Amino acid sequence: MIGKSTKTVLLGLGLGLASAVLTFAPPAHAATTAGAGAGAGAMVDARKSGYEFMLPATQVLQRDDSQNPAMLWVKDGAARWSQIEGANGKSCASCHAHAKASMKGVAAKYPAYSSSLKRVINLQQQINFCRAARQGAVPFALENPALLGLESYVAFQSRGMLTAPSSDAVTVAAQNKGQSLFNQRMGQIDLSCKDCHVDLAGRSLAGNLIPQAHPTGYPLYRLAWQAVGGLQRRLRNCLVGIRAEPYAFGSEEMVALEAYLVKRAAGMPLESPAVRP
Amino acid sequence: MAHTILTVPAVAKSGEIIELRALIQHPMETGYRRSSEGVMLPRDLIRSFTCRFLERGKSGEGELVFSATLHAAISANPFLSFHTTAYASGTFVLTWSGDNGFTQTERAHIAVR
């Protein structure tokens, strides 16, 4: 009888408890600082992924796909990939076939210039553009769970690859605009991104370590959100935190900030779907 | 249908202690929170989880391997991990059920040699 012969052990309910019990060797995709990229020759790259500022228990949650709750969004995106939507009777797969091959490295270069829209857009906006223009479907609201599923699935195909921001003139202009926003003090608390994420990175803000703000894991599962969210949602959190009026999702300023952050992280490995506290 | 991720070994030796993992996409809304518009969010929880083992060739609902009662303090997308001893080939039947008539069943097969 199984009731007598089995010994059942509850390792933990919820996310935090369970991960604390288990230990794993880090797989190849575990976030480590890229020596290549911006650094020249033997220079040591001082850039660190947000992964390195996390507690070991949260790191395990990210490394192990069987525990990482963001994998549920990847699975959702995989199902949507071949789902026919819109007036044109097309799915993502109708044009792009297998995401494993066609989407490899795609997430590593966004935000990028769209020749159709004549502006710089992020990955969510690109998916929405495909949806409207190619599928003839109603675009999703930005940060919508379905859109995050597709974005997670696309970003997952680039996991472990190095961030490779675009360098065309329009994207560079957006990156420069993003840089000036990054350095600009704003809000009632009168802080810039740089004040915390460059000058005070590694120090504590309340109980948390301040990371260097390298967006290598997005879209990611944030324990505080209990869900997957995009980089712009995270930027919005910081803007609210310094009591500044947050920019709208998809606005020029949000995309410019995103473009600059990706440029700052050039050459660092992508971790999506990451987990953050 | 909620998405799930199951980790169950496909093959095990007889008498081997195996680990089963089950992750399910669910909001686990407590019923104590308000939306950004100030409206109470109705409770939406998974209340119970069971894992049963049905030996190959046998009928019925199988033997209970593990069960858990879930409450409001458990995170969204609950992850459960537990151990059992593999002694025969068969099917693990994992069932989550909860508020608003939520019920989901997933199966995982194991071959024991």
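Only the coordinates and a few stated rules stand behind these numbers; no lab work does. For clarity, every value in this text was computed on a predicted model and none was experimentally measured. Ideal geometry is used to build each Cβ from the backbone, glycine not excepted, and the neighbour counts take in all protein chains shown.
For chain B, modelled as a GNM with alpha-carbon contacts under 10 angstrom, which of B:R34, B:R47, B:R56 fluctuates the most? Most flexible of the set in this elastic network: B:R34. Each residue of region A:250-258 was assigned a 3J(HN,Hα) from its phi angle through the Karplus curve 6.51 cos²θ - 1.76 cosθ + 1.60 (θ = phi - 60°); the sequence is x, 5, 4, 5, 4, 5, 5, 4, 4 Hz, with glycine and proline shown as x.
For region A:190-200, 3J(HN,Hα) computed residue by residue from phi via the Karplus equation (6.51, -1.76, 1.60; θ = phi - 60°) reads 6, 10, 9, 4, 4, 3, 8, 7, 10, 5, 10 Hz, glycine and proline entered as x. Straight distance only, please: which lysines reach the Cα of A:K118 with their own Cα at less than 21 Å, same-chain residues fewer than 8 apart left out? Cα-Cα hits under 21 Å: A:K109, A:K177, A:K263. Label-to-label distance for A:N176 and A:S102 is 3.6 nm, based on points extended 7 Å past Cα in the beta-carbon direction. Other residues within the sphere of radius under 13 Å centred on the Cβ of B:R33, judged by their own Cβ, net out at -1 (K and R +1, D and E -1). Karplus-based coupling profile of region A:74-86, in residue order and whole Hz: 4, 5, 4, x, 4, 5, 6, 3, 9, 8, 6, 9, x, with θ = phi - 60° in 6.51 cos²θ - 1.76 cosθ + 1.60 and x standing for Gly or Pro. Less than 5 angstrom separates the built amide H of A:R119 from those of A:S114, all sequence-distant by 5 or more or on a different chain. Taking label positions 7 Å along the Cα-Cβ direction at both A:S94 and A:S204, the computed distance is 5.6 nm, reported to one decimal.
Here the calculated FRET efficiency for A:S115 and B:H71, from their Cβ-Cβ distance with R0 = 30 Å, stands at 0.05, rounded to the nearest 0.05. Taking label positions 7 Å along the Cα-Cβ direction at both A:D195 and B:R47, the computed distance is 5.0 nm, reported to one decimal. With contacts taken as Cα pairs under 8 Å and at least 6 residues apart, region A:47-277 reaches a relative contact order of 29 percent.
Take the Cβ-Cβ distance between A:E245 and B:T103 as r, set R0 to 41 Å, and report the resulting FRET efficiency rounded to the nearest 0.05. FRET efficiency, A:E245 to B:T103: 0.40.
Using only helices, what value at 222 nm comes out for the protein assembly as shown when you add -39,500 (n - 2.57) per DSSP H run of length 4 or more and divide by the total residues, to the nearest 500 deg cm²/dmol? Let's see the in-between values first.
Working: 12 runs with 101 residues, N = 390.
Mean residue ellipticity, 222 nm, calculated: -7000 deg cm²/dmol.
What whole number of Å gives the distance from the Cα centroid of region A:206-277 to the Cα centroid of region A:54-120? With region A:54-120 and region A:206-277 each reduced to a Cα centre, they are spaced 17 Å.
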